[in-house]
Each structure stands twice: as C-alpha cells, then as structure tokens.
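To start, the structure under review is shown below, and the notes come after it.
The values are calculated or read from the model by the stated rules, or taken from the named source; none is laboratory data. Here the structure is a predicted model, which means the values were calculated and not measured. Glycine gets a Cβ as well: all are built from the backbone with ideal geometry, and neighbour counts include every protein chain shown.
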Amino acid sequence: MLNRTFREVDGERIEGLSRPVFICNGGHYFLTELVVYADGAIDVWGLTDLEGLRRHLETGWVATSIPRGAQASADHLASWRMARTTMHMTAEGLLGEVADAIDELNGRPDSSERCWMAIERYMETRSEDDLRALREAYLAVPELERQYVLGDMGSKDLPLVDLMAEPREAVPQGPGDPSAVTEEDREEAIAYFEEVLSHRSEPRPPGRADDPEPVEAGAITLYEVVRAQGRPEDPGVAALRNEYPAEIEVGGVRYPTVVHAYWALSTADPAARERIAAAARPYDAERLARETARVEKWANVRAAVMARLLRAKFAQHPRLAEILLGTGTARLHYSGAAPDYWTTAGSRGRNWMGRLLELVRSELQADQATEGRSATG
C-alpha cells in the first residue's frame, strides 16, 4: 500500500509516495518508511536514488528477508523476535514498484499501463514481434502486481497468460495444477481482449504547451566520494562534484578544482587567495578560506560565482561535459557536508549545487541544439 506524502525544497512542493520496509542496521531490523518522490529521490534513512536503492538491497541494508530469531522493532511502538517470517516482496519487485511510483508521480505510464499498451499493439497487429514485446512488458511488471494488470479479480491475469502462450505450452493455472493452453483457450483469450478493448477509455489529452518536461531518468544523487588525488579513468557522475580533480582557469589563474577556485574567490586577501589555490586538497582549501574574512556581501554573489566556475569547468573539459549531458533530464541531488544552501538531505537543504549543475546542463543542451541547426541549415 502506497500512501501520499510530499516534501518541500526551497518552497517547491515535491509529491511523494511512501511504503513500509525493513532496514537492517547492525543486525537489528527496523520497520520504517521508504518514500519515493516525483523527482526520483528516494528517502530511506537518508536520501538516495534508484541505483542507490539497488545497492542497499544488494547489501541487505534494505531487507526483503529476515532470518528466524532476528530482533525487529518499530520505533516507539514495539519490538519482537522473529519466530517465522514470510516475506512477499523481492528485491527486484521492490525496485520495480519504486520505478512505477516515480512514473505515476510524473504522470507517465507505469509498467502495468505499458503492458496494456503492448496488449493493444499485439491485438491490432497479431505479429510475432509484438507478441514478444508483450511478453517482455508483462515480465517487467513487478511479480506481485501481475495478477492486477487486467483489473479483473475474477480472471486475474489468466487471459493474458493464455494470450501470450503458444498452443499446448504448459502454463500453471493454479497451485500444483499445470495444464496446457489449447488453441481454444487462446481464441477465448483473444475474444476476452477484443471485448475489453472495445470499452477502454480514450488516451489522456495532451498537456499545455509550456508544461514542464517530466523527469526521464528519475534523480541522481551525487555522493561525496572523490577523496584521493589523481583522476580515475572512469569517474562516472563523481566527475560532476566540485572536489573532482579537473583543473580550471578563471581570470588568468589556474585552480586544481572548483572547490579551490570557489574558496579563493571568496576572500579579498591576495595572499590568502594564493595559499588557497595552492592547497594540497579541496578540504585544505576550504580550511584555509575559513581562516580569513569573506568578500563583502559574499552570500549575495556566491551562486553567480559558482555558476561561473561550473561553466568554466565543463567548457574546459569536454569529456566531463559529456558526463553531465549524459544525465539527461534527471534531477541532480548534491549530497555532502556542505551547508544546506548547496546540498540536500531528506527534507532538508536547498540543493543549489544540484540546481546550478542542471542549469549548466541545460545551457550545454541548448548549445548542442544550436550547433545541430547550424549544421543542417
């Protein structure tokens, strides 16, 4: 059961859906809430994304099974020891449910709706390619949800199973009762869908011309993971973080990272700027900056300075610009120990670093579109 909720980020209301899950922390299992938001963020004792949830499931931190004898509790409510457990949700099933929730919150077809679209295509064409596509769409529906795809609790998904089966293929019709799907069974399934499709509603009307684009790729959380000196061969999205070792030139001065440049420009003391620019690590650059006063009204200009530095970084490093462009339309959530102004964590933080990265990404996308028109014009 998914329940409606929301969070606010700098005055923006972001819709969400929550469901109960178990977290395993130190061998103890806690019943808690997993919250999925429309921007693709997932809050499960900390903000993450779909890939982060997959890692949590692989490590068992988000638990889909609990061993006998394990201690479990619901905070401020009860605790108990497991004598016997039956868990109905698998890791893949939970990932599928979360992905469906993101689609639902963004007004996109979820896996069940995509299965219906595949049914409609196959019923129109009766081609082998569309039958294979229908089978794939059906298997993409979380296993526990497949019986609800047709919205017919009398027949459940059996007409669909018959439709997808080859004649005489063994298909389980009930516990311990495998039987063959005959040509007659399949004809009955086709008649079932012809009847149902004749009553299905028209597709949704299109949105307004300037509606915001739905998020294609959910959200990407940029964790604070780049610590060692040097440049990894395949940094992935870690290259988008400010501490990533990508030297930039701003105002005739070269800085090892965006962090060095930001803190150097935050002080009016020329000697301090030189020390900060020469600091061994991004952490040292920030520490040195804190020992001197900020530029007057720094809080009023810091976002513009950061935007300037990000534009320089991705203009001067085309390979890193490709990584940023590769995030598509995903919301970028910047994690870490920086002030809430720059980062996000659960319901806290204004995430200005993530927003500025999205702005620069949009500018790069606009440049690509302009270059494409020039090439064909």
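One residue stands out in the stretch 92-150 among those that are of a type in the set (Asp, Glu) and touching a residue at least 24 places away in the same chain (Cβ under 8 Å): the one that is farthest from Asp39 (Cα to Cα), namely Glu120. Evaluate the stretch 293-305: report whether one residue or more is within 24 Å of Gly236 (Cβ to Cβ), under 31 Å from the mean Cα position of the chain (by Cα) and crowded, with 16+ Cβ neighbours inside 10 Å. Checked the stretch 293-305: no residue is within 24 Å of Gly236 (Cβ to Cβ), under 31 Å from the mean Cα position of the chain (by Cα) and crowded, with 16+ Cβ neighbours inside 10 Å.
One residue stands out in the stretch 327-342 among those that are small (Gly, Ala, Ser) and under 22 Å from Tyr37 (Cβ atoms): the one that is farthest from the chain's Cα centre (by Cα), namely Ala338. Cβ-Cβ distances below 6 Å connect the following pairs, each with a first residue in the stretch 69-81 that is without any contact (Cβ under 8 Å) to a residue 24 or more places away in the chain, a second residue that is assigned to a strand (DSSP E or B) and among the small types (Gly, Ala, Ser), and a separation of six or more residues or different chains: Ser79/Ser73; Trp80/Ala72. Taking the criterion of being aromatic (Phe, Trp, Tyr) and in contact with a Lys or Arg (Cβ under 8 Å, 6 or more places away or on another chain), the only residue of the stretch 117-147 that qualifies is Tyr138. Residues in the stretch 109-127 that are basic (Lys, Arg) and in a helix (DSSP H, G or I): 2 in all. Taken together, the residues in the stretch 258-279 that are in contact (Cβ under 8 Å) with a residue 12 or more places away in the chain and part of a loop (DSSP other than H, G, I, E, B) amount to 5. Taking the criterion of being out of contact with any Ser or Thr (no Cβ under 6 Å at 6 or more places or on another chain), of a type outside the set (Val, Ile, Thr) and surrounded by 19 or more Cβ atoms within 10 Å (Cβ to Cβ), the residues of the stretch 1-23 that qualify are Leu17, Phe22.
Examine the stretch 332-353 for a residue that is touching a residue at least 12 places away in the same chain (Cβ under 8 Å) and part of a helix (DSSP H, G or I), and state whether such a residue exists. Yes, the stretch 332-353 contains at least one residue that is touching a residue at least 12 places away in the same chain (Cβ under 8 Å) and part of a helix (DSSP H, G or I). Take Asp157 and decide whether it is under 30 Å from the mean Cα position of the chain (by Cα), modelled with pLDDT of 70 or more and closer than 28 Å to Ile119 by Cα. Spelling it out, Asp157 is indeed under 30 Å from the mean Cα position of the chain (by Cα), modelled with pLDDT of 70 or more and closer than 28 Å to Ile119 by Cα.
Exactly one residue among Met82, Met89 is surrounded by 12 or more Cβ atoms within 10 Å (Cβ to Cβ), touching a helix residue (DSSP H, G or I) at 6+ places or on another chain (Cβ under 9 Å) and outside the structural domain of Thr344 (by TED's automatic domain parsing), and that residue is Met89.
In the set (1) surrounded by 15 or more Cβ atoms within 10 Å (Cβ to Cβ); (2) farther than 21 Å from Ala91 by Cα, Val149 fails one condition alone, (2).
Restricting attention to the stretch 343-353, which residues are buried (at least 21 other Cβ atoms within 10 Å of the Cβ), at pLDDT below 85 and over 17 Å from the mean Cα position of the chain (by Cα)?
Scanning the stretch 343-353 gives a single hit, Gly349.
One residue alone among Glu296, Glu291, Glu286, Glu322 is more than 26 Å from Glu247 (Cβ to Cβ), at pLDDT 90 or above and either of a type in the set (Asp, Glu) or part of a loop (DSSP other than H, G, I, E, B) (or both), and that residue is Glu296.
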